[in-house]
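In what follows, a structure is listed as structure tokens, so that the remarks can point back to it.
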Amino acid sequence: MAKEARSTTYNRIIDASLSLFNEEGERNISTNHIASHLGISPGNLYYHFRNKDEIIMQLFKRYSAQLLDYLHHVAVPQNIEDIKNYMVGVYDIMWQYRFLFSDLNAMLARSTELLGEHNNFTRAKVSPLLVRLLLQLTQQGFIETDDMARHDMGTNIWLITKYWCDFDSALHERELTEASKFRGIYQTLSLLRPYVCASYRAEFNQMMSKLLDDYAD
């Protein structure tokens, strides 16, 4: 029973931290804020986590596991709408952990463990899956790419998704909204535009215009 109670408190701390980090910003939330929010003592929190960075690490592991599960199991897009929905699924997961993409460099500079986990996740796990997706889209005739184009596009997709939250909030001088997420989806998909095959170009452009119109704010 005691072990189960500890596990429940452990998960409550992680869940509450995610909510507070997303709503208030990670740098504005301390372990004391988290403990107060949960109605537990700071000592109870420190029993499970030595500091805030340990909580962030566990949230990053949750995020990375959830994203990898999605990328491994989502169906290969069969049409232009599927391509959009594929990217919506990626950003939906990122949105659940959006604090990780706001002031990310500061968090990485603070924790060598998080930096190593982040770099390994991006380079060894996500990047190959992105390149595989681009190859599949090429083989299906949606886009025309070679190995270099796919590698470059995979890097650029990583750059946009990693820094989109900071860029969009600074550009619009306000807090992130659902519209921010869809602007990120649009910007990421725009990388495909130069490579879309002629037979799909009009449909692709129509989908992109509708994406902006539907989620403009």
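In degrees between 0 and 90, to the nearest 10, how far off the longest principal axis of the chain does helix 80-96 point, with axes built from Cα atoms?
That works out to roughly 20 degrees.
Quick one: 3J(HN,Hα) in Hz for region 64-77, Karplus 6.51/-1.76/1.60 with θ = phi - 60°, rounded, Gly and Pro as x.
Per-residue couplings from phi come out as 5, 5, 5, 5, 4, 4, 5, 5, 6, 10, 5, 5, 5, x Hz.
Against the longest alpha carbon principal axis of the chain, how many degrees, from 0 to 90 and to the nearest 10, is the axis of helix 198-214 turned?
40
Taking Cα atoms, how many degrees apart are the long axis of helix 2-24 and the longest axis of the chain, rounded to 10 and kept between 0 and 90?
Tilt of helix 2-24: around 60 degrees.
Taking the beta-carbon count within 10 Å as an exposure proxy, list VAL196, VAL88 from fewest neighbours to most.
On the way: VAL196 21, VAL88 15.
Going from least to most buried by this count: VAL88, VAL196.
Taking amide H positions as placed in the peptide plane 1.01 Å from N, state which residues far from PHE49 in sequence (5 or more) or on other chains have amide H under 5 Å from it.
Under 5 Å from the amide H of PHE49 lies no amide H from a residue far enough along the sequence or on another chain.
Could you pull out every residue, at least 5 positions away or on a different chain, whose amide H is within less than 5 Å of the one on ILE143? Hs are placed 1.01 Å off N in the peptide plane, and Pro or chain starts have none.
Distant-sequence amide H within range of ILE143: THR138, CYS197.
Using a cut-off of under 11 Å, list every residue of region 99-142 whose amide N is near the label point 7 Å from the Cα of PHE167 along the Cα-to-beta-carbon line.
Output list for this probe position: empty.
With the Cα gyration tensor of the chain giving a ≥ b ≥ c as the square roots of its eigenvalues, does the rule (a/c under 1.5 for rounded; else a/b larger than b/c for prolate; else oblate) give rounded, prolate or oblate? The partial results should precede the final answer.
On the way: a/c = 2.41, a/b = 1.96, b/c = 1.23.
The shape class here is prolate.
Ignoring everything except DSSP H segments at least 4 long, calculate the 222 nm mean residue ellipticity for the chain; use -39,500 (n - 2.57) per segment, divide by total residues, nearest 500.
Working: 11 runs with 161 residues, N = 217.
One gets -24000 deg cm²/dmol as the mean residue ellipticity at 222 nm.
In region 95-196, what GluC sites (Glu not before Pro) fall in a loop by DSSP, with at most 16 other Cβ atoms inside 10 Å?
Working: sites: GLU113, GLU117, GLU144, GLU173, GLU175, GLU178; in loops: GLU144, GLU173, GLU175.
Here the sparse-neighbourhood loop sites are GLU144, GLU173, GLU175.
Would you mind calculating the gained length between ARG110 and TYR70 on full extension (0.36 nm times residue separation, minus the Cα-Cα distance), in nm to one decimal?
Values: separation 40, 0.36 × 40 = 14.40 nm, distance 2.87 nm.
Taking ARG110 through TYR70 to full extension adds about 11.5 nm, to one decimal.
Every read-out reported here was derived from the displayed coordinates using simple, explicitly stated rules and does not represent laboratory data. Because the structure is a prediction, the values reported are computed rather than measured. Cβ coordinates were reconstructed from backbone atoms using ideal geometry, including for glycine residues, and neighbour counts include every protein chain displayed.
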